[in-house]
Amino acid sequence: MKTLGYYNGKISELEEMQVPMLDRACYFGDGIYDTALACNHKVFAIDVHLDRFFDNAKLLDFNMPITKEEMKTLLLDLVNKVDDPDLFVYWQASRGTALRSHIYPEDMIANIWVMIWPKKLQDKEKTLRLVSKEDTRKRHNHIKTINLLPAVQYATNAYRSGYDESVLYRNNKVSEGSSSNISILKDGIFYTAPCDENILPGIIRKYLLQACHYHKIPVVEEAFSLEDLKNADEIIISSSTRLCLRAHELDEKPAGGKDIETFKKLQDYIFDKFYEACK
Ligand code: PMP
């Protein structure tokens, strides 16, 4: 073979391989991977790579269908099926296959992918051009990417402990929910975090601002603290799938419920818009 693709036991040239649309890697980035080079059909440092791979599987609560030893045997076997002796070897596990839901069942079995193609180690005399950049890899919450692994973990852990949503914060400032925007009402004022890189600019958040405007409720677009959240008259959770709901509990203590009248005005505005549009 010139190249090799492997998916849960099926083997073919890479271009011929297809993965199911419902594989969670496709829509959540819910997977882990590792890569190594092979030279003369031997995978360099394979045991160390597999240790890391299986450590990651454990960290992310994957049910692996294969042991570390079996994976090693599989990789070495696959590497030997490719004609070229010098290879790039990539392997991946995705959490499993199911209809899209952040929450995954405990018995979901991981899918195993392998991709192999020819690659030679570059000349060691080569020297490199560099450019420096601030590390912002964990600060792109404003982009609706499909790399939702942290959201998946938050949602599943919350669900398994009987919570409906996780409120995320950094440096004691609330950013948003794991799959929603969080706003509060306090003394008749609507507070919501500003649309910067810390939050997704939610569509329903936008409707909430419209609703405030309509009902002449003052708005402050500033990040609020966990303390503010705790002391809020109402905590409002908004998203396209839930529209707009209020919380009654935060961290095992009663929360909100002190300005239901204002909350209802906002909620009715959004639900009315929804039903109007769906007539
Ligand atoms: N923040 C995050 C992280 C989300 O996943 C969502 C849901 N898509 C929201 C906010 C709410 O956005 P929207 O109102 O557009 O659904």
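Taken together, the values in this text are just the output of simple stated rules run on the coordinates, not laboratory data. In this text the structure is predicted, and so the values were computed from the model without any measurement. Positions of Cβ are generated from backbone atoms using ideal geometry, with glycine treated the same way; all protein chains shown enter the neighbour counts.
Using 0.36 nm times the number of residues separating LYS81 and LYS279, minus their current alpha carbon distance, what extension gain do you get?
So the extension gain works out to 65.4 nm.
Would you mind checking the tilt of helix 260-277 against the longest principal axis of the Cα atoms of the chain, expressed as 0 to 90 degrees and rounded to 10?
Roughly 60 degrees between the two axes.
Looking only at the range 96-222, where both bridge partners belong to it, what percent of the DSSP beta bridges are antiparallel (to the nearest 5)?
75
Under a point-charge model restricted to the Cβ atoms of Lys and Arg (+1) and Asp and Glu (-1), what is the dipole moment magnitude of the chain relative to its Cα centre, in debye to the nearest 20?
Value, rounded to 20: 480 debye.
Give, as a single signed number, the net charge of other residues whose beta carbon lies under 12 Å from the beta carbon of ASP86, with Lys and Arg counted +1 and Asp and Glu -1.
+1
Please identify, among GLU197, GLU249, GLU15, the residue showing maximal mean-square fluctuation in a Gaussian network model of the chain using a 10 angstrom Cα cutoff.
Of GLU197, GLU249, GLU15, the most mobile in the Gaussian network model is GLU15.
Run down the lysines and flag those whose C-alpha is under 25 Å from the C-alpha of LYS230, throwing out any fewer than 8 positions away in its chain.
LYS173, LYS186, LYS206, LYS216, LYS253, LYS258, LYS264, LYS265
Which of the aspartates and glutamates could a cross-linker bridge to LYS138, judged by Cα under 20 Å and excluding same-chain residues fewer than eight apart?
The qualifying aspartates and glutamates are ASP30, GLU176, ASP196, GLU197.
Please report, in debye to the nearest 20, how large the charge dipole of the range 105-249 is about its Cα centre when each Lys and Arg carries +1 at its beta carbon and each Asp and Glu carries -1 there.
The dipole of the range 105-249 has a size of about 800 debye.
By how many degrees, between 0 and 90 and to the nearest 10, does the Cα long axis of helix 68-79 differ from the longest principal axis of the chain?
60
Quickly estimate the mean residue ellipticity at 222 nm for the chain, helices only: each DSSP H run with n ≥ 4 gives -39500 (n - 2.57), and the total goes over all residues, rounded to 500.
-8500 deg cm²/dmol
Report the extension gain between ASP47 and ASN171 in nm, rounded to one decimal, defined as 0.36 nm multiplied by the number of residues separating them, less their alpha carbon distance.
Stretched fully, the ASP47-ASN171 segment lengthens by 40.8 nm.
Shape call for the range 4-43 from the C-alpha gyration tensor, a ≥ b ≥ c root eigenvalues: rounded (a/c under 1.5), prolate (a/b greater than b/c) or oblate?
Oblate.
Step by step: find N for the chain, compute 2.2 N^0.38 Å, then divide the Cα radius of gyration by it. What's the final number?
1.30
Residues of the range 82-122 with the amide nitrogen closer than 18 Å to a label point 7 Å from the Cα of CYS39, along Cα-to-Cβ, please.
Only 84-90, 117-122 pass the distance filter.
Grab the Cα-Cα distance for LEU99 and GLU15, subtract it from 0.36 nm times how many residues apart they are, and report the gain in nm with one decimal.
Taking 0.36 nm per residue and subtracting the Cα distance, the gain is 27.7 nm.
What ranking, highest mean first, results for peptides 177-185, 56-64, 87-95 when packing means the other Cβ atoms within 10 Å averaged over each residue?
177-185, 87-95, 56-64
What's the angle, to the nearest 10 degrees (0 to 90), between helix 46-59's Cα axis and the longest principal axis of the chain?
20
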